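First, the structure itself, so that you have it in front of you.
The values are calculated or read from the model by the stated rules, or taken from the named source; none is laboratory data. All of these numbers come straight from a predicted model, not from anything done at the bench. Cβ placement follows ideal geometry from the backbone for every residue including glycine, while neighbour counts extend to all protein chains displayed.
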Amino acid sequence: AKMDGRGSYRYYSDEFTRAARERIDLSARLRRAIEADALEVHYQPQYNVEDGRLLGAEALLRWTDPELGPISPGRFIPLAEQTGLIVELGGWVLRRVIEQGHRWRAAGYPPIRLAVNVSALQFQRVPIDQQVGQLLEDFEFPADQLELEITESALMADPSRARRILQRLRERGVHFAIDDFGTGYSSMAQLKRFPVDTLKIDKSFVDGLAEDDAAGSADDRSIARSIVGLGHGLGLTVLAEGVETAEQLAVLRELGCDHYQGFYASRPVPTLEFEALLTSAPGT
Ligand code: C2E
Ligand code: CA
Ligand code: CA
Ligand code: CA
């Protein structure tokens, strides 16, 4: 029994070491990628549910390591949060997107709103009101064409600080969206204390909207309906993320959801492809 115990401990320990080494290796690669400007931003268009008008885009990070290939944000964002690299990474994305927005304006593309994700740790560590304010000035970018996406938990970690920071940026005209809404715990009372503009219905509720499974679908529909009601009650815009089918979109239209994004309309696309969308978009 003793042998077994040691054997399995050693096995576990090897696994543990390997996983730790992999993470260290991956964060070193990520650090180099940031330094070498080797990351990319893709843009996923956001549309008006009612008339299909292109309204904006969410900026999403893409990283391809020369040896390991593409690594998903679902993997490297949590890692960047654990190592603190998110501070640099988050700053890099903000600069890159605002710079791109500036270029599109200068080139005469129709104005749209660009949404950038701000992670919880980034929000806690960086005075983003100063950082974003500076970038808006550097690139003479109109504040109301920038939206910051932030989760409920990031706001709730220190609500009064969060409120101050949002307030300062809101005064300049920056918009705020609550990301993954419905997965956290904010109540209506808490929500109305923050100057936010948009609620993003989490994809997990959109998935079941038009499923055959009548029970599950009814649940997701009531959740989506409540979020639309709550959002509109507070004077906010409601956007559904992860819309993949015409059926889901039809349900969202019925529920009065304002905006949407998802593979049904378009995947996140590289800059050049997004420019083509901007050029051909009806109504912009
Ligand atoms: P998120 O902010 O909730 O972003 C939406 C995710 O859903 C993106 O995954 C997007 O590609 C994906 N998506 C959009 N429409 C559909 C759809 O119709 N079907 C499916 N199956 N997926 C869809 P992605 O790009 O892999 O990003 C994952 C997460 O990584 C993001 O979730 C966000 O939390 C984080 N992330 C990505 N880029 C950044 C960034 O620049 N900064 C920070 N802090 N986080 C980022
Ligand atoms: Ca997001
Ligand atoms: Ca989201
Ligand atoms: Ca999500």
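Run down Ala189, Ala210 and say which single residue is over 18 Å from the mean Cα position of the chain (by Cα) and modelled with pLDDT of 85 or more.
Unique residue meeting the criteria: Ala210.
Which residue out of Gly184, Gly233 is modelled with pLDDT under 95, within 16 Å of ligand 2 (Cβ to nearest atom) and over 22 Å from Ala57 (Cα atoms)?
Gly184
Considering only segment 141-164, I want to know if a residue exists there that is touching a residue at least 40 places away in the same chain (Cβ under 8 Å), hydrophobic (A, V, I, L, M, F, W, C), away from ligand 1 (no atom under 16 Å from the Cβ) and in a loop (DSSP other than H, G, I, E, B).
yes
In segment 24-39, which residues are of a type outside the set (Gly, Ala, Ser), under 24 Å from the mean Cα position of the chain (by Cα) and exposed (fewer than 14 other Cβ atoms within 10 Å of the Cβ)?
Arg32, Glu35, Asp37
Another question, if that's okay. Quick check on segment 160-168. Is at least one of its residues more than 21 Å from Pro73 (Cα to Cα), modelled with pLDDT under 95 and away from ligand 4 (no atom under 16 Å from the Cβ)?
Looking through segment 160-168, at least one residue is more than 21 Å from Pro73 (Cα to Cα), modelled with pLDDT under 95 and away from ligand 4 (no atom under 16 Å from the Cβ).
Next up: Just the residues that are in a helix (DSSP H, G or I), modelled with pLDDT of 95 or more and touching a helix residue (DSSP H, G or I) at 6+ places or on another chain (Cβ under 7 Å), please, taken from segment 30-76.
Leu30, Phe76
Given the structure, is Arg253 buried (at least 16 other Cβ atoms within 10 Å of the Cβ) and over 24 Å from Val116 (Cα atoms)?
Taking the combined requirement at face value, the residue does not satisfy it.
Give segment 202-225 a look and list any residue that's away from ligand 4 (no atom under 16 Å from the Cβ) and free of Cβ contacts under 8 Å to residues at least 40 places away in the same chain, or say none.
Hits for segment 202-225 are Glu211, Asp212, Asp213, Ala214, Ala215, Gly216, Ser217, Ala218, Asp219, Arg221, Ser222, Arg225.
Sort out which residues of segment 109-136 are small (Gly, Ala, Ser) and closer than 15 Å to Trp92 by Cβ, and write them in order of number.
Selection gives Ser119 alone.
Hey, another quick one. Would it be correct to say that Leu155 is within 16 Å of ligand 2 (Cβ to nearest atom), buried (at least 21 other Cβ atoms within 10 Å of the Cβ) and modelled with pLDDT under 95?
When the stated conditions are applied, Leu155 passes them.
Looking at Glu171, Glu147, which one is modelled with pLDDT of 90 or more, of a type in the set (Asp, Glu) and in contact with a Lys or Arg (Cβ under 8 Å, 6 or more places away or on another chain)?
Glu147
Is segment 92-113 home to any residue that is hydrophobic (A, V, I, L, M, F, W, C), part of a helix (DSSP H, G or I) and at pLDDT below 95?
Within segment 92-113, not a single residue is hydrophobic (A, V, I, L, M, F, W, C), part of a helix (DSSP H, G or I) and at pLDDT below 95.
In addition: Evaluate the following for Leu199: is it in contact (Cβ under 8 Å) with a residue 60 or more places away in the chain and either touching a helix residue (DSSP H, G or I) at 6+ places or on another chain (Cβ under 8 Å) or over 25 Å from Arg53 (Cα atoms) (or both)?
No; evaluated as a whole, the condition is false for this residue.
Go through the residues of segment 143-154 one by one and say whether even a single one is of a type outside the set (D, E, K, R) and farther than 25 Å from Glu88 by Cβ.
So far as segment 143-154 goes, no, none of its residues is of a type outside the set (D, E, K, R) and farther than 25 Å from Glu88 by Cβ.
Does Leu191 satisfy the condition of being in contact (Cβ under 8 Å) with a residue 40 or more places away in the chain, under 23 Å from His42 (Cα atoms) and either polar (S, T, N, Q) or surrounded by 13 or more Cβ atoms within 10 Å (Cβ to Cβ) (or both)?
no
Right, another one. So which residues in segment 15-64 are over 23 Å from Glu149 (Cα atoms) and touching a strand residue (DSSP E or B) at 6+ places or on another chain (Cβ under 6 Å), if there are any at all?
Arg29, Ala33, Thr64
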